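Any read-out appearing in this document is the output of simple, stated calculations on the displayed coordinates, not a laboratory observation. Keep in mind that what you see is a predicted model, and the values were worked out from it rather than measured. With ideal geometry, Cβ positions are generated from the backbone for all residues, glycine too; neighbour counts draw on all protein chains shown.
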């Protein structure tokens, strides 16, 4: 008698064809419309950024309603928790984008279309990296509770890095980043951005800036994966909530940078949020489950606290000279 084959674990089992196409079709269509609407590379006004941010949030909310109808209110609460977490974590990532642009002298208003063009490709990279890391995270969950503890350690390390970077007055010079230096070893660099191209008689500062953005996306996707896994764990809800959140980051960037001094305490709230997530991961490893509604409430209260604190105790604005383009 032949031996019975050992059943393989498939974390994506149970996802219906309807659920797959109900996500892919509207998601791809929304991205196509967004890219078509901004293909000319015109300057992004606050009105335009606010409108597109609202459109992306509305799309995500509509998909959440589908989850509610197709699965349950519990599944919808998990989806919305993952979505809110990804948006909150994106705050630190988007400020890193600003520092990257600043290092390459691309923060002047005249260079805003160039920022938009770089983010055009950067956000697409963020979507790809999230699919890869969240898929890997869903597979790793089957290995046992020690994986959750390892994820908790990654989250706490992220908190430490955020705390150290916020405590330091020194700004990172991304024009001298290891990824930029690596590109310079293998390619000729044209220091001019006048062509508005990534490649023109060699690689331009725009391409070097894009390399930094993509590396930042890669690291952020790795850091944020255990955070979503801690709360959501359902692979379908993890990936859909994360991708809907990532797709609207380009418009959110222009809103956040305009208000970066006004909401100065948001990064502190995100650090507190990550500590909560790490505790939730450790609790899950020991079979302690916090109700989804409670998790979502805590997440929203922490973020609301950061916003209220920022508005109650505003940070004085300091004028700062903008650097010239560098390579």
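Miscellaneous remarks
- Compactness relative to 2.2 N^0.38 Å, alpha carbon Rg of the stretch 213-271: 1.28
- Virtual spin-label span in nm between residue 149 and residue 184, 7 Å along Cα→Cβ: 4.4 nm
- Cα-Cα separations in the stretch 17-312 greater than 38 Å, expressed as whole percent: 12 percent
- q = 0.15, 0.22 Å⁻¹: log10 I(q)/I(0) that the Debye formula gives for the stretch 88-154, counting C-alpha atoms only: -0.66, -0.97
- Most to least packed among 277-284, 131-138 [average Cβ atoms within 10 Å]: 277-284, 131-138
- Ranked packing of 56-63, 148-155, 221-228, most packed first, by mean Cβ within 10 Å: 221-228, 148-155, 56-63
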